[in-house]
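Worksheet: one structure, shown below.
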Amino acid sequence: MTKVRFAPSPTGHLHVGNARAALANYLYARRQHGVFLLRIDDTDAERSRPEYAEAIEHDLRWLGIEWDESFHQSSRLELYAEVAEKLKASGRLYPCFESEDELRFKRDLRLKQGKPPVYDRAMLRLTPEQRAQAEANGKRPYWRFRLTDTTVTWIDRVLGQRLVKLTAVSDPVLIRADGTPLYTFTSVVDDIATEITDVIRGEDHITNTGIQIDLFGALGFNPSRLSFSHLPLLTDSDGGKLSKRLDSLTLRSLRGDGVEASAIAAYLARLGTSDDPEPLGMAELAASFSFEKYSKSSARFDISQLLTMNRRVLHMAEFSDVADRLPTGATEAFWLAVRGNLDLLNEARGWWDVVAGEIVAPVIENEGDYLISALEALPAEPWDNFVWPNWIDAIKDATGRKGRALFMPLRLALTGEDHGPELRDLLPLMGRARAAERLRMAAA
Ligand code: GLU
């Protein structure tokens, strides 16, 4: 049974990179009829905030992602403490007392000597007396994991064979001096305890994977039972490295800008894959999901492509999909008339004013006589489906105009815009009184 987890740290709002990883987990789980776990990695009390955890859940639901199980790591501290004791007993977790300053000094020294700036494991040689001495001086140890001196390899489902040389990596701190267990550790404990089968996350976790595979082994778990998939990072549209700008592109800010959740999901689900972006729902995206389709190189997040997707989603959206976000009173006929002209849903408000509210109609220079003729040709109510063609025929007869010269002054007068939805659809919605008033004003 496939079981995946999306494991955000609640230290900020979800950005598009996080959302892409969440989607890959979710779509893969759905395709496999497996289980999707939402795990909130909040053991780091200094950096985690409950309001971010809540916002993450809200953003995921908004995006269309539902989870089968969920927990906060902060509710499992006993388990982590228990497992940590085992690692201490086996000597893989060792106490350290060096300060940040001491470590920085040693790092600089190694760099000057042309050596890699890896932690020198001085504390492994600490005698019980020295430790007692340090503790007597009021110091509390933090705990590092002793990595094996090996090179860890795995077959990544996206990136292919990968290796991490652990000798080039510092023994990671797993437990802080205040007892806080850190993500590198708690993640492995939970991946084992919750029987995760597939770890799917960003390429920035490659070194972590090397470390964590070693940690799985130290906990007596065979890491080859897990499959790893690392998604190449997103770059901004200039092809630059994942920039701060992209980091700040959160689901929340996109929602505030009026971008559709389903457009974001459809765009991100296929970004950096060999499938064309299509405005598909989750079920269809899941059916076509495959790690083999991901490119091994970074993918370009292009806001203009996202907006294109947004347009495509809106053009297909049913009235019932959007009714609760349209201006009060908006009808299905209105929606069908305007949806093809929207980049963002909130632009519907402007068109609603055109058909049901007030607009400032421009005075159209030198077209007064024409507009008055058009006004005189405007059919009397009640209007039927033929009001538009009937009116146009009458105007043609009365003025001899055709094409742009006929239509553009009408469009400007009736909508205040030189482009937009079909006048054929808008005119019946705005009604005779409103249309007549605008023609009169534009002619003045
Ligand atoms: N909490 C980690 C993060 O947000 C989880 C990464 C993972 O293992 O998926 O980076």
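Observations, loosely collected:
- For segment 267-297, filtering for residues that are closer than 15 Å to R20 by Cα, surrounded by 17 or more Cβ atoms within 10 Å (Cβ to Cβ) and not charged (D, E, K, R) leaves 13.
- Qualifying residue in segment 149-166 (condition: at pLDDT 95 or above, outside any loop (DSSP other than H, G, I, E, B) and over 21 Å from S229 (Cα atoms)): no
- No other residue among T207, T235 is at pLDDT 95 or above and either surrounded by fewer than 18 Cβ atoms within 10 Å (Cβ to Cβ) or away from the ligand (no atom under 15 Å from the Cβ) (or both) apart from T207.
- Unique match (being within 16 Å of the ligand (Cβ to nearest atom), of a type in the set (K, R), open to solvent by 20 Å² or more (accessible area, probe 1.4 Å) and touching a residue at least 24 places away in the same chain (Cβ under 8 Å)) among R201, R162, R225, R146: R162
- Hits in segment 298-324 (condition: touching a strand residue (DSSP E or B) at 6+ places or on another chain (Cβ under 9 Å) and either assigned to a loop (DSSP other than H, G, I, E, B) or surrounded by fewer than 17 Cβ atoms within 10 Å (Cβ to Cβ) (or both)): S298, R300, F301
- Per the listing A380, A413, A442, the residue uniquely more than 30 Å from I303 (Cβ to Cβ) and open to solvent by 50 Å² or more (accessible area, probe 1.4 Å) is A380.
- When D171, D190 are screened for being in a helix (DSSP H, G or I), charged (D, E, K, R) and open to solvent by less than 40 Å² (accessible area, probe 1.4 Å), only D190 passes.
- Residue in segment 3-10 that is of a type in the set (G, A, S), open to solvent by less than 30 Å² (accessible area, probe 1.4 Å) and either touching a helix residue (DSSP H, G or I) at 6+ places or on another chain (Cβ under 6 Å) or within 14 Å of the ligand (Cβ to nearest atom) (or both) present: yes
- Scanning segment 21-35 for residues that are crowded, with 23+ Cβ neighbours inside 10 Å and either part of a loop (DSSP other than H, G, I, E, B) or away from the ligand (no atom under 12 Å from the Cβ) (or both) gives L23, Y26, L27, A29.
- When restricted to residues that are part of a helix (DSSP H, G or I) and under 12 Å from D191 (Cβ atoms), segment 209-241 contains 7.
- A single member of A168, A177 is away from the ligand (no atom under 13 Å from the Cβ) and either acidic (D, E) or farther than 23 Å from D42 by Cα (or both), and it is A168.
- Those helices (runs of 4 or more DSSP H) lying entirely in segment 337-444 with at least 3 residues over 30 Å from Q305 (Cα atoms): 368-377, 387-399, 403-415, 423-443
- Evaluation of A45 against the conditions (1) more than 13 Å from the ligand (Cβ to nearest atom); (2) assigned to a helix (DSSP H, G or I) shows that the sole unmet condition is (2).
The values are calculated or read from the model by the stated rules, or taken from the named source; none is laboratory data. Note that this is a predicted model, so its numbers are computed, not measured. Cβ coordinates were reconstructed from backbone atoms using ideal geometry, including for glycine residues, and neighbour counts include every protein chain displayed. Accessible surface areas use protein heavy atoms only, side chains included; no ligands, DNA or RNA. Shrake-Rupley method; radii C 1.70, N 1.55, O 1.52, S 1.80 Å.
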